[in-house]
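Visitor: Next up is a structure, given as structure tokens.
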Amino acid sequence: MEFSQWKAREEHFNTLFSITPAENKSLLAEKLRQFERIRTKYRSSKNIEEQHTLRILKMEIHRMSKQLYPSLILRILRKIITSAQNQLSIRSDAKKHERNFNSINEKVRRIGFPDLSEKIKNLIDKEQENFSVPLSYYINEKEKINHTLCFSKNAEGHFELDGFKSSLQNNSAPEDSREYYFKNGLENNFKLNEVYNLLSGRSVEHNQSWFQLDFNDKDASGNYHLKEFRNEYAYDLEKTLKAIPLKGISNPYEMEKLKNTLRQGDRAAAVLIKNERENQIYIEANPQFRSLNIYDQHFRKAEITSSKKQAEAFPKQSVQKGIKSKLKQ
């Protein structure tokens with residue numbers, strides 16, 4: 001692979017200047033340095049094929065060295081100095097390589113991916129320009145999520161996580177697969193639980209903004225549009241929660257716990273008090289309509305209104321835009 005990389009550089013120089021190492025001493029000297037470095041780096045290899053290649057490489061290095069430096073004394077001195085320099089350079093590169101790997105591994109863990117260190121390390125060691133790591137698992141008996149982590153080399157030659165593509169598949173509706181490419185480096189770096197919630201159609205609060213995927217709108221790349229609702233959109237989650245009689249939210253700790261659950265995009269269990277009766281419900285944040293999505297104990301969408309007749313019918317109604325009106329005590 002490293003020989004192929006050098007061959008590509010040779011062809012590039014030949015295209016630019018119409019020269020080859022055989023015709024240009026500077027280019028030949030650079031080729032010699034690269035080959036010496038490769039030999040130092042892999043000289044302890046146990047691979048039979050690489051050992052054979054190294055023997056040929058040794059002869060090629062000797063040939064180029066004699067061509068560039070006819071003096072035997074000069075070749076010996078240069079060999080001693082070059083060998084020491086290559087050892088130091090390789091050790092330095094190994095440390096950079098390790099720091100690069102640790103940085104990537106930490107970033108992947110922080111997002112919420114399981115331990116992929118062995119896979120990532122093996123692919124980094126191959127020193128390709130870019131690579132990807134696939135990962136799939138079931139969220140529950142019906143839903144499966146697929147991730148593809150994408151890595152590439154930057155201008156300094158270090159690998160970076162470009163982002164990851166995630167798709168959510170539902171066995172009950174295979175045609176309704178949803179996917180989105182989450183680019184790394186943006187302020188809204190979502191964690192895996194938030195990614196699942198976004199692909200499920202729920203809203204997530206991140207860096208004081210709410211985000212939701214619009215499954216009716218795609219960009220030129222085929223990605224769904226990610227809607228953002230900033231602070232000035234004036235979605236007050238706590239005020240919205242207090243608009244309906246939920247059990248326990250008068251307790252500041254319980255209120256904060258509930259808000260944090262909803263901010264992550266989770267569907268939260270709650271107890272609705274109506275006519276002195278407790279009703280098990282589930283709620284989701286709906287920042288677009290400054291409201292909540294409400295579901296009954298069977299996860300059917302429900303509408304809470306002030307009408308006694310409709311209240312008695314709860315939770316058979318369906319709500320599309322959150323709460324239609326406040327409950328009267």
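Visitor: Write down Rg/Rh for the stretch 1-144, rounded to two decimals, with Rg from the C-alpha atoms and Rh from the Kirkwood relation over Cα pairs.
Guide: Taking Rh as the inverse mean 1/r over Cα pairs, Rg/Rh reads 1.12.
Visitor: Further question: Please compute the net charge surrounding ASN170, taking Lys and Arg as +1 and Asp and Glu as -1 over other residues with Cβ under 14 Å from its Cβ.
Guide: -2
Visitor: Tell me which GluC sites (Glu not before Pro) from the stretch 238-294 have a DSSP coil assignment and no more than 10 other beta carbons within 10 Å of their own.
Guide: GLU276
Visitor: Multiply the residue gap between GLU98 and GLU10 by 0.36 nm, knock off their C-alpha separation, and tell me the result in nm, one decimal place.
Guide: 28.8 nm
Visitor: What order, most packed first, do the peptides 194-206, 257-269 have when packing is the mean number of other Cβ atoms within 10 Å of each residue?
Guide: 194-206, 257-269
Visitor: Using the Kirkwood formula over every pair of different C-alpha atoms, what hydrodynamic radius in Å results for the chain?
Guide: 25.1 Å
Visitor: Grab the other residues whose beta carbon is less than 14 angstrom from that of GLN264, score K and R as +1, D and E as -1, and report the net.
Guide: Net of charged neighbours comes to +1.
Visitor: Hey, another quick one. Charges at C-beta only: +1 for Lys and Arg, -1 for Asp and Glu. How large is the resulting dipole of the stretch 68-205 about its Cα centre, in Debye rounded to 20?
Guide: So the magnitude is around 800 debye.
Visitor: Choose one of SER83, ILE294, VAL195: the residue whose Cα lies farthest towards the positive end of the charge dipole of the chain (beta-carbon charges +1 Lys, Arg; -1 Asp, Glu; about the Cα centre).
Guide: The Cα lying farthest towards the positive end belongs to SER83.
Visitor: Which of the residue pairs LYS142/LYS165; LYS218/LYS259; LYS165/LYS257; LYS46/LYS95; LYS25/LYS46; LYS7/LYS126 have a Cα-Cα distance greater than 24 Å in the structure shown?
Guide: Correct reply: LYS218/LYS259; LYS165/LYS257; LYS25/LYS46.
Visitor: Let me ask something additional. Can you work out the FRET efficiency for the pair LYS66 and ASN130, with r the C-beta to C-beta distance and R0 = 25 Å, to the nearest 0.05?
Guide: 0.05
Visitor: Further question on the same structure: What are the aspartates and glutamates whose alpha-carbon lies under 15 Å from the alpha-carbon of LYS183, with same-chain residues fewer than 8 places away excluded?
Guide: Those aspartates and glutamates meeting the cut-off are GLU160, ASP162, GLU194, ASP219.
Visitor: Summing Lys, Arg as +1 and Asp, Glu as -1, what charge do residues with Cβ under 12 Å from the Cβ of SER203 carry, SER203 excluded?
Guide: Local charge sum for SER203: -1.
Visitor: Under a point-charge model restricted to the Cβ atoms of Lys and Arg (+1) and Asp and Glu (-1), what is the dipole moment magnitude of the stretch 1-143 relative to its Cα centre, in debye to the nearest 20?
Guide: 820 debye
Visitor: I need the peptides 216-222, 30-36 ranked by packing, meaning the mean over residues of other C-beta atoms within 10 angstrom, with the highest value on top.
Guide: 30-36, 216-222
Visitor: Related question: Taking the Cα centre of the chain as the origin and placing charges on Cβ (Lys, Arg +1; Asp, Glu -1), which of SER209, VAL108, LEU149 is farthest toward the positive end of the dipole?
Guide: VAL108
Visitor: Using +1 at the C-beta of Lys and Arg and -1 at the C-beta of Asp and Glu, which of SER221, ALA268, TYR233 has the Cα lying farthest in the positive direction of the dipole of the stretch 206-268?
Guide: Going by the charge dipole, the pick is ALA268.
Visitor: Calculated FRET efficiency, MET59 and HIS158, Cβ-Cβ r, R0 41 Å, to nearest 0.05?
Guide: E(calc), rounded to 0.05, equals 0.75.
Visitor: I've got another one for you. Between the stretch 7-46 and the stretch 285-301, what is the separation of their alpha carbon centroids in Å?
Guide: 65 Å
Visitor: While we're on this one: Report, in debye and to the nearest 20, how large the dipole of the chain comes out about its Cα centre when Lys and Arg carry +1 and Asp and Glu carry -1 on their Cβ.
Guide: Here the chain has a charge dipole of around 720 debye.
Visitor: How many percent of the accessible area of the chain is carbon or sulfur, using a 1.4 Å probe?
Guide: 48 percent
Visitor: Just round it to a whole percent: the fraction of Cα-Cα distances in the stretch 188-272 exceeding 22 Å.
Guide: 33 percent
Visitor: Turning to a different aspect of this structure: Where does the chain land at 222 nm, in deg cm²/dmol rounded to the nearest 500, when only DSSP H runs of n ≥ 4 count, each adding -39500 (n - 2.57), divided by all residues?
Guide: Calculated at 222 nm, the ellipticity per residue is -13500 deg cm²/dmol.
The values are calculated or read from the model by the stated rules, or taken from the named source; none is laboratory data. Note that the structure is predicted; figures quoted are calculated from it, not measured. Methodologically, a virtual Cβ is constructed for each residue, glycine included, from the backbone with ideal geometry; neighbour enumeration extends over all protein chains shown. What goes into the accessible areas is simple: the full protein's heavy atoms, side chains included, and nothing from ligands, DNA or RNA. Shrake-Rupley method; radii C 1.70, N 1.55, O 1.52, S 1.80 Å.
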